[in-house]
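Nothing in this text is a laboratory measurement; each read-out follows from the coordinates by a stated rule. Since this is a predicted model, take the numbers as computed values, not measurements. Cβ atoms come from the backbone with ideal geometry, glycine included; neighbour counts cover every protein chain shown.
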Amino acid sequence: MKWSPEYATGVPEIDEQHQSLFEWFDQLDHAAADHRMMTATYTLTRLMQYTRVHFAAEEALMTRIAYPEREAHRAEHETFRLRLRELQTAAMTQDIAVATISLLRDWLIKHITISDMKYAAFSKSLTPKATKPAR
Ligand SMILES: [Fe+2]
Ligand SMILES: [Fe+2]
């Protein structure tokens with residue numbers, strides 16, 4: 001499944017990162033489907049690194065705008081990080097299942113379209129000055 005404009009939050013930096021996450025997922029999907037497990041394991045590691053960068057960017061933004069639901073949002077990120085770690089551990093002894101990748105991607109889509117949209121809407125409701133990084 002590809003990134004689609006309906007997943008756009010309207011925050012350019014975040015949307016670019018989401019698109020990259022979808023690309024990593026796609027690569028992981030292809031590698032796992034073709035049973036190229038070395039590539040799949042490597043791709044999973046890169047996906048995890050990228051997820052860390054992306055979640056950190058979102059969490060910094062939520063702190064900057066004093067988003068009231070940031071703790072609940074952070075907890076969702078933590079759940080996803082844990083699931084990726086579980087998959088990485090499982091990948092040491094068995095093939096990465098395409099079905100598992102699919103479940104994780106579904107989680108991501110739901111998170112973007114519900115939770116990320118919410119903080120993006122909150123951010124847009126603030127004055128442009130308030131969303132600028134603090135000096
Ligand atoms: Fe996100
Ligand atoms: Fe998020």
Placing each pseudo-label 7 Å from Cα in the direction of the beta carbon, Glu59 and Thr93 end up separated by a distance in nanometres of 2.9
To the nearest 10 degrees, the tilt of helix 12-33 (Cα long axis) against the first principal axis of the alpha carbons of the chain is 10
With N residues in the chain, Rg(alpha-carbon) / (2.2 N^0.38 Å) equals 1.11
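So what is the calculated 222 nm ellipticity per residue for the chain, using -39500 (n - 2.57) for each DSSP H run with n of 4 or more, over all residues, to the nearest 500 deg cm²/dmol? Walk me through the numbers before you get to the answer.
Working: 5 runs with 93 residues, N = 135.
Value at 222 nm, helices only: -23500 deg cm²/dmol.
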